[in-house]
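Here is the structure we will look at, set down as structure tokens.
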Amino acid sequence: MLSMSFVLTIFFITLVIAILSGLLFLNQSVPIKYINIHLYLVFLPIIIGIIGLLTVKDREQIGPFTLDHLAWLMGSFILVLGFIIQKFSARYLIGDRNYRKYFPLFTLITSFASVAWLSGDLRLMVLFWGATLLSLTLLIRVNRSWKIPHEAAKISGKSFALGWFALLVAVVLLFVSTGDWHINIASSYDNTINSGMKFIIDILIVIAVIVPAAQFPFQSWLIESVAAPTPVSAIMHAGIVNAGGIILTRFSPVFDNSFAITILLIIASVSVLLGSGISLVHVDYKRQLVGSTMSQMGFMLVQCALGVYSAAIIHLILHGVFKATLFLQSGSVVKRFNIPTPPSAKRSYSWVVLGRLLAIVIAVAFWLNSDRSPYEIISALILAWSLMVSWNQMVAFSRGLIGRVVGVMMIVIVAIVYIITHHYFYNTLNTVYMHIAHPPVISIIISIIILVLGSILSIWVARQRDSKAFAILYLWLVKLGEAKAQSIESHPTYLKKYL
């Protein structure tokens, strides 16, 4: 059996090798074909990370690093996603004037992020998380000859600085209150930190997680970043926008102030609705994905606020893989001509009604067979909504009986794969210590009201397409999802000097 200290040592050696390989690629004398060797070297720490995930048993403290299933899982996940994106970019970005600059920054982002979540020492975590955000800012503005990415990087950098500074101050105040740079899972912080100080620390943690998660009103940085190349958008889902779930899980012994949890719950619930609205009204595919990410990260933070950290971690991993895939295939979404139109809504109405009834029955059965906690109520609502949407897209509006049968089969297959995946991650995270702090009942009620009434309002407004209310809401969501004027350019005018 390999010792964990040995695995950690080899992991850092391979990580350093990968970073040096990326920096070597900056040398113009190194041939372009070297990128293939670099990709092999980037894959090495992934192997060691998976070995660490498979061999770790209990929580181990090795120097400043806290190693458990969560640390190795997140480290491996970030590196795997980073490798896939670099592999895609090796061909996708060929011919770009800044081709050599992308890969060192890709490698630095995933390497720094993986080390940050392996760190048990809060100073190290804050340092490497800051290095991750700095590298991402440099990656967004890598094309210095075009002013649009420069503006996007400026806005992103300011947002990142705010979130990082909030985390830094929270860590410093935690040290001042406890005299320890580590979070002690065995002790109760209620006895060591007074309520006023804990409230300040928890509010700072809320700011530190909602900024990178692009939650309202800090969604602008993610909207601006769509000007960056597609792989850059994809890398953001490899442990950056979803970092809030990891941070809250690690700080769960401290994050238990009822008012702070309530604030997080309300902000996240509102962001779920606004993100969904942005994704529905915009025609820009990448901006649709941004709205979807804002909504999904809101739901992840709702899970954290309700104390269901395992579900939040599973959510952020599956969402990261799914959304990165959508970004990488965004160049293939231009619809071809002569696509057959779907059946009319009138002819499909009975199938739509059937889908809604099935969704409600399945959601109620899910809730009755759960522990009937507030989280399970929200999960049942999300499940019903997801089934309705999937049924409409894959069954109700499919052509013919065969098309509908295939749609039902696809829904069943996806459900089975999800259940198997969820079961594996749940068992893997079962040994990770997570302090559960439940928000006040009134906060849960407010969150449910926001989600339910917001959904009902959107359905009602959508049916009033000729009304003033529809026009106001539609245009407001369009504006909310738009980039700033200085970050918009109808044509890349910086290319004129090359023509």
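The values are calculated or read from the model by the stated rules, or taken from the named source; none is laboratory data. Keep in mind that this is a model prediction, so the values were computed, not measured. Don't worry about glycine lacking a Cβ; one is built from the backbone with ideal geometry, like all the others, and counts go over all protein chains shown. The accessibility values were calculated without ligands, DNA or RNA, using every heavy atom of the protein model including side chains. Shrake-Rupley method; radii C 1.70, N 1.55, O 1.52, S 1.80 Å.
In the set LEU26, LEU53, only one residue is modelled with pLDDT under 95 and assigned to a helix (DSSP H, G or I); that residue is LEU53.
Residues of segment 58-77 that are in a loop (DSSP other than H, G, I, E, B), over 18 Å from ILE247 (Cβ atoms) and among the acidic types (Asp, Glu): ASP58 alone.
Results for (1) more than 26 Å from the chain's Cα centre (by Cα); (2) of a type in the set (A, V, I, L, M, F, W, C); (3) under 19 Å from LEU124 (Cβ atoms), shown as yes or no for each residue.
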{"residue": "PHE6", "(1), (2), (3)": "yes, yes, no"}
{"residue": "LEU15", "(1), (2), (3)": "no, yes, yes"}
{"residue": "ILE32", "(1), (2), (3)": "yes, yes, no"}
{"residue": "ASN36", "(1), (2), (3)": "yes, no, no"}
{"residue": "LEU54", "(1), (2), (3)": "no, yes, no"}
{"residue": "LYS57", "(1), (2), (3)": "yes, no, no"}
{"residue": "GLY63", "(1), (2), (3)": "yes, no, yes"}
{"residue": "ASP68", "(1), (2), (3)": "no, no, yes"}
{"residue": "PHE83", "(1), (2), (3)": "no, yes, no"}
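The set of residues from segment 36-64 being among the β-branched types (Val, Ile, Thr) and within 27 Å of TRP117 (Cβ to Cβ) comprises VAL42, ILE46, ILE47, ILE48, ILE50, ILE51, THR55, VAL56, ILE62. Total residues in segment 4-39 satisfying the condition of being out of contact with any helix residue (DSSP H, G or I) (no Cβ under 9 Å at 6 or more places or on another chain) and without any contact (Cβ under 8 Å) to a residue 24 or more places away in the chain: the figure is 5. Scanning segment 132-165 for residues that are of a type in the set (Phe, Trp, Tyr) and either touching a residue at least 24 places away in the same chain (Cβ under 8 Å) or closer than 12 Å to MET236 by Cα (or both) turns up TRP146, PHE160, TRP164. Apart from one condition, ASN194 fits all of (1) in contact (Cβ under 8 Å) with a residue 40 or more places away in the chain; (2) open to solvent by 10 Å² or more (accessible area, probe 1.4 Å); the exception is (1). On the given criteria, is ILE109 buried (at least 19 other Cβ atoms within 10 Å of the Cβ) and at pLDDT below 90? Against the criterion (buried (at least 19 other Cβ atoms within 10 Å of the Cβ) and at pLDDT below 90), ILE109 does not qualify. Here SER145 fulfils each of the conditions (1) in a helix (DSSP H, G or I); (2) open to solvent by 20 Å² or more (accessible area, probe 1.4 Å) apart from (1).
Filtering segment 217-244 to residues that are closer than 20 Å to SER276 by Cα, touching a residue at least 40 places away in the same chain (Cβ under 8 Å) and open to solvent by 10 Å² or more (accessible area, probe 1.4 Å) leaves PHE218, GLN219, SER220, VAL226.
Among the residues examined, ILE266 qualifies as part of a helix (DSSP H, G or I) and either of a type in the set (A, V, I, L, M) or modelled with pLDDT of 85 or more (or both). Can you report the number of residues in segment 29-50 which are in a loop (DSSP other than H, G, I, E, B) and exposed (fewer than 14 other Cβ atoms within 10 Å of the Cβ)? Final tally of qualifying residues: 4. Residue pairs whose Cβ atoms lie under 6 Å apart, sitting 6 or more positions apart in sequence or on different chains, and linking a residue in segment 430-459 that is closer than 16 Å to ALA268 by Cα to a partner that is open to solvent by less than 80 Å² (accessible area, probe 1.4 Å) and modelled with pLDDT under 80, are ILE444/PRO374.
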